[in-house]
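Asker: Below you will find the structure I want to go over with you.
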Amino acid sequence: MPAPVKKGKKSNLKFTLDCSAPVEDNILDTSNFEKFLHDKIKVNGKAGNLGDSIAITREKSKITVSAEAPFSKRYLKYLTKKYLKKQQLRDYLHVISTNKSTYELRYFNIHNDENDEE
């Protein structure tokens, strides 16, 4: 006999992308980024078909992605890096994980120490 299948509550995952640094400098447009995520996130192998399983919301400079269980945070990082490359911002910004459910876009720390060169 096959084991009975338990139908439990599907766990909802909530991930946040904090874009506050580039948005304050008018480098990144969160509405454009939100549309990019909406068009590119794949559900069952099809892009742009979010349905009820994934919801993308935006509050000022933060984008929140709420998804049902089989959704990885790493996939969100991949799409964010793809967007930065498309906007030619990949040389200036990188994606950093600040905690278990949050990514933050930060500038690279480039130190120009002119005194050390002499």
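The values are calculated or read from the model by the stated rules, or taken from the named source; none is laboratory data. All of these numbers come straight from a predicted model, not from anything done at the bench. Please note: Cβ atoms are built from the backbone with ideal geometry, for glycine as well, and neighbour counts cover all protein chains shown. Protein only, heavy atoms only, side chains kept; ligands, DNA and RNA dropped before computing areas. Shrake-Rupley method; radii C 1.70, N 1.55, O 1.52, S 1.80 Å.
Asker: Projected onto the charge dipole of the chain (+1 at Lys/Arg Cβ, -1 at Asp/Glu Cβ, origin at the Cα centre), which of I110, S72, L17 gives the Cα projection farthest towards the positive end?
Answerer: S72
Asker: Using the alpha-carbon atoms, what tilt in degrees (0 to 90, nearest 10) does helix 73-86 show relative to the longest principal axis of the chain?
Answerer: Between helix and principal axis, roughly 50 degrees.
Asker: Accessible area, 1.4 Å probe, largest first: how do E68, E59 sort?
Answerer: Details: E68 60, E59 95 Å².
In descending accessible area the options line up as E59, E68.
Asker: For Rg and Dmax of the Cα atoms in Å, pick the label among [x] 28.0, 100; [y] 18.0, 66; [z] 18.1, 79 that corresponds to the value derived from the coordinates.
Answerer: [z]
Asker: Based on the mean of other beta carbon atoms within 10 Å per residue, what is the order of 73-84, 88-99, most packed first?
Answerer: Details: 73-84: 16.3, 88-99: 13.2.
Peptide ranking by packing, descending: 73-84, 88-99.
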